[in-house]
1. What are the residue pairs meeting all of these: first residue in the range A:3-18, first residue within 8 Å of another protein chain (Cβ to nearest Cβ), second residue of a type in the set (V, I, T) and surrounded by 16 or more Cβ atoms within 10 Å (Cβ to Cβ), Cβ atoms under 6 Å, and 6 or more apart or on different chains?
2. Give the residue, chosen from A:D15, A:D53, that is at pLDDT below 90 and buried (at least 16 other Cβ atoms within 10 Å of the Cβ).
3. Is it the case that some residue within the range B:146-158 is within 11 Å of chain A (Cβ to nearest Cβ), acidic (D, E), outside any helix (DSSP H, G or I) and within 27 Å of B:Y37 (Cα to Cα)?
4. Looking at (1) more than 30 Å from A:D4 (Cα to Cα); (2) modelled with pLDDT under 95, which is the only condition B:A25 fails?
5. Quick check on this structure: which one of B:R170, B:R123, B:R143 is at pLDDT below 95, assigned to a helix (DSSP H, G or I) and not polar (S, T, N, Q)?
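The values are calculated or read from the model by the stated rules, or taken from the named source; none is laboratory data. Please read these numbers as outputs of a predicted model, since none were measured by experiment. Backbone-built Cβ (ideal geometry, glycine too); neighbour counts: all protein chains shown.
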Amino acid sequence: MTDDEYLWTRTGVPDDAVRELECLLERYRYREPFREAAAPTPRSAESADAAPDRESE
Amino acid sequence: MLTRRRDVVSSLEHVVDTGALVRAAQGGDRAAFGELYALYAGMVHSIALARLGADDAADVVQEAFLRALRQLRRLRDVNAFGGWLAAIARNVIRDVQRLGCRRADADVEPAHRDTQHEDMQARTALRAIRALPAVYREPLLMRLVEGMTGPEIAHRTGLTPGSVRVNLHRGMKLLRRRLEAAGTRRRP
């Protein structure tokens, strides 16, 4: 395996291609806060959500 | 051997007691749920961005966390939170795809003139990542878009550091080759 330390840990000598892609793609980074106003509290949520989604079955 | 030991050490450095946060959130601690959101939103976003446009991917994050919050008390293995949340995210994505209610892909809309060239390069790179085999897409987006390290990706997803490292390495190699072949990146 080649030296991929920068790709793995973001430390050490930056790999040019990785660094270039990081700079380009950073604009897509997710920065939104959780829209808490729409969210029930965990305790009340359980009783309010009678129909389970597939992943919890 | 040394590489494996480094993987273990690196992953330990990034361990957050997710189980404790999940237990607290299950007990109604909204701040704990907020910490889980801060830790895992990038992972969920990468999973969505691997399949959907940027606007839809952002909506998927919100919907996945809302569903997670509603179902959190049913999660028995608190240390499996990452995989459980990823499964919820994939269900949300399937719902979006099935309902055919996807919005125009904001990341292919015309960009501001000042950054038009870079935006075009970014869109090309994002498309190239989306065209990679599924196993490489998500870790590469977590690394290159969300800025997560390999050990953080392993910890969040529940995958082994070794498999994440291999997928990052192979995915990056393939991506580099394709971008060079497309003429968007010069050969070193």
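1. Close Cβ pairs satisfying both conditions: A:L7/A:V18; A:T9/B:T149; A:R10/B:T149.
2. A:D53
3. Within the range B:146-158 (the criterion being within 11 Å of chain A (Cβ to nearest Cβ), acidic (D, E), outside any helix (DSSP H, G or I) and within 27 Å of B:Y37 (Cα to Cα)), the answer is yes, since at least one residue qualifies.
4. Of the numbered conditions (1) more than 30 Å from A:D4 (Cα to Cα); (2) modelled with pLDDT under 95, the odd one out for B:A25 is (2).
5. B:R123 is the lone residue from the list that is at pLDDT below 95, assigned to a helix (DSSP H, G or I) and not polar (S, T, N, Q).
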